[in-house]
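The values are calculated or read from the model by the stated rules, or taken from the named source; none is laboratory data. Since this is a predicted model, take the numbers as computed values, not measurements. All Cβ positions, glycine included, derive from the backbone under ideal geometry; neighbour counts span all protein chains shown. Only protein heavy atoms, including side chains, enter the accessible area calculation; ligands, DNA and RNA are left aside. Shrake-Rupley method; radii C 1.70, N 1.55, O 1.52, S 1.80 Å.
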Amino acid sequence: DYDPWTTDSSSNNDDSVISNNPTVDVLGNGEELDIALNTAQTGRTFQDRTHVFVILPRLSTMEDKTIYNLNVRGKRGNIVQTFPATEYDFIPDRLKVGTDDLVHIQWTGSNSHDNNNEGDAGEGTGGSDRHNLLQMDDLDKSYPLTLENTDFWSNVESLTDPDASGIDIAIGLATSGYYCAQSETDGCPSEYTISGSRRARGSVDGTLDNAPASYFGHVLKFNGPGTLYYMCSRNNNFSNRSQKGTLWVSNRAEEE
């Protein structure tokens, strides 16, 4: 066997490193046994599943805090098409934190998803990933609350965008960053606000097709306990696919 850590393309076609169907004189009498080995199938990458991600330094407001990452897993397609992976889902879809903890809500996606022609079940433009996060009244519901009826965001602030109000945070999460606020702030230019964007770029698409596939989101701080039941409006399919979750924020000092 060759050492995979020290062997690279410079050893191509070098039979001294590895060769097709090598023989071994196991008995030591010149009667060699064949080893079934095809060099076209060794040291080979069948699927490139490499990814690049960046870990940013903590802000001073995040020092000595536990940061939980609330993200999305899975890929486009139904349960058969995505096997052995999974359909879209929030991860973790049940998260309990304290008011001293922080939660970074974010996700990544693609505009060029290829399921090897094995099916592309989903909403919106084929081959595209989109996600959002909307508050619901309860986990057994499948309709989001309107912003004016939400109650979770009044006790939330963003450490990565301090100028964003709770409603601004909800707007960004609801539109995957197509809008970042109601009106212009230092962290949200006018063309990305609800009022300014409609003039500059038009409205957000109902299935988020014109929203970003990936969203940096917010690192959230909680100013009090609360419960957030949430869903993704694009991928939560009433008949066969659920993309929902629950975030519980408790005052752990009181619990102790």
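Right, Thr99: within 13 Å of Lys221 (Cα to Cα), out of contact with any Ser or Thr (no Cβ under 6 Å at 6 or more places or on another chain) and among the polar types (S, T, N, Q) or not? So Thr99 fits the description; yes. Annotation: Val24 fulfils all but one of (1) over 30 Å from Gln106 (Cβ atoms); (2) under 37 Å from the mean Cα position of the chain (by Cα); (3) open to solvent by less than 90 Å² (accessible area, probe 1.4 Å); (4) of a type in the set (Val, Ile, Thr); the unmet one is (2). The set of residues from the stretch 221-246 being basic (Lys, Arg) and under 27 Å from Ser154 (Cβ atoms) comprises Lys221, Arg234, Lys244.
For the structure I just gave you, tell me whether Asn149 is among the polar types (S, T, N, Q), over 24 Å from Gly126 (Cα atoms) and open to solvent by 50 Å² or more (accessible area, probe 1.4 Å). Yes, satisfied. Exactly one condition in (1) of a type in the set (Gly, Ala, Ser); (2) assigned to a helix (DSSP H, G or I); (3) surrounded by fewer than 22 Cβ atoms within 10 Å (Cβ to Cβ) is not met by Gly172; state its number. Unmet for Gly172, out of (1) of a type in the set (Gly, Ala, Ser); (2) assigned to a helix (DSSP H, G or I); (3) surrounded by fewer than 22 Cβ atoms within 10 Å (Cβ to Cβ): (3). Looking only at residues in the stretch 96-144 that are within 16 Å of the chain's Cα centre (by Cα) and among the β-branched types (Val, Ile, Thr), the one that is most open to solvent (accessible area, probe 1.4 Å) is Thr108. Say we look at the stretch 62-95 and pick out the residues that are more than 12 Å from Gln106 (Cα to Cα) and among the basic types (Lys, Arg); which of these is most open to solvent (accessible area, probe 1.4 Å)? Here the answer is Arg94.
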